[in-house]
1. Determine the sum of side-chain charges near residue 138: Lys and Arg each +1, Asp and Glu each -1, restricted to other residues whose C-beta is under 15 angstrom from that of residue 138.
2. How large a share of the accessible area of the chain, in percent, is made up of carbon and sulfur atoms when the probe is 1.4 Å and the other protein chains stay in place?
3. Sort by residue number and report every cysteine in the chain with no other cysteine beta carbon within a distance under 4.7 Å.
4. Step through the residues of segment 36-53 one at a time and calculate ³J(HN,Hα) from phi using the Karplus curve (6.51 cos²θ - 1.76 cosθ + 1.60, θ = phi - 60°), rounding each to whole Hz and writing x for Gly and Pro.
5. So which trypsin sites (Lys or Arg not before Pro) in segment 63-122 pass both tests, a DSSP loop state and at most 11 other Cβ atoms within 10 Å of the Cβ?
6. Cβ under 15 Å from residue 114's Cβ, residue 114 left aside: what net charge do those residues give with Lys, Arg +1 and Asp, Glu -1?
7. How long is the gain from residue 14 to residue 156 if the chain were fully straight, where each residue apart is worth 0.36 nm and the alpha carbon distance is subtracted?
8. Suppose R0 equals 25 Å. What FRET efficiency, 1/(1 + (r/R0)^6) with r the Cβ-Cβ distance, do residue 40 and residue 76 give to the nearest 0.05?
Amino acid sequence: MNITFAEVQPHTRAYHDLVQAADQLDQAKYIAALVPHSDESLLLGAFDDEQCVGFLRLLIQVIGREYARSPIVVASAPLREGYVEAFGVLPAHRRCGIGQRLQALAIELCRERGCYQIRSRSPITSVENYALKLKLGYALQPSHENDSYYFIKTLS
Ligand SMILES: CC(C)(COP(=O)(O)OP(=O)(O)OC[C@H]1O[C@@H](n2cnc3c(N)ncnc32)[C@H](O)[C@@H]1OP(=O)(O)O)[C@@H](O)C(=O)NCCC(=O)NCCS
């Protein structure tokens, strides 16, 4: 199967396909939601000939702004991070490396923007996501939110 990866813009056919894929994993609400504290929202899709089979939404943001914390300023600029707001691969396409490739592309986008770290959160039930994050070298931070863990990886 030939999978292509692309950045997806709103109001396109690819965007519509991506939202449908996200909906199948109950994540459509995270694709379109406005996130006022973020500076940029990027959407990545994995496509086979027919449809979107995987997706990742990446927010670029100043570290701490979402919790109204003062920014950490280094060399006159606030430290920024990538935050993965939505991430999934349709069940029939799992264990083919698509999720790992989406994560690698997200890390590339973060590095291009000078982000210090990349971060995400997921419920404790998402066993395959934990396995993927451990393989990619993420650290784990327990959270009170929805019985979940945060995953954090520095990019410097
Ligand atoms: C998490 C998810 C995106 C992974 O997508 P994927 O395309 O299957 O992942 P990959 O094929 O790139 O797997 C990369 C690595 O992750 C680990 N992994 C992935 N799925 C795994 C599973 N079911 N069991 C054990 N390890 C697993 C493996 O180390 C794997 O590498 P390997 O195949 O060389 O052993 C997918 O399982 C998914 O959509 N799950 C439901 C939604 C979800 O949990 N989203 C994230 C949190 S909101």
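1. Residues close to residue 138 contribute a combined charge of +3.
2. C and S atoms contribute 52 percent here.
3. Within the chain, the cysteines lacking a partner Cβ under 4.7 Å are 52, 96.
4. Running phi through 6.51 cos²θ - 1.76 cosθ + 1.60 with θ = phi - 60° gives x, 7, 8, 8, 7, 10, 10, 10, 10, x, 10, 10, 9, 4, 9, 7, 7, 10 Hz.
5. Counting only loop positions with at most 11 other Cβ atoms within 10 Å, the trypsin sites (Lys or Arg not before Pro) in segment 63-122 are 69, 95.
6. Its environment carries a net charge of -2.
7. Extra length from residue 14 to residue 156 when fully extended: 47.9 nm.
8. Computed FRET efficiency for residue 40 and residue 76 comes out at 0.80.
The values are calculated or read from the model by the stated rules, or taken from the named source; none is laboratory data. Everything numeric in this text was worked out from a predicted model, so none of it was measured. Because the Cβ atoms are built from the backbone with ideal geometry, glycine has one as well, and the counts that use them run over all protein chains shown. Accessible surface is based on the protein model in full, side chains and every heavy atom, while ligands, DNA and RNA are left aside. Shrake-Rupley method; radii C 1.70, N 1.55, O 1.52, S 1.80 Å.
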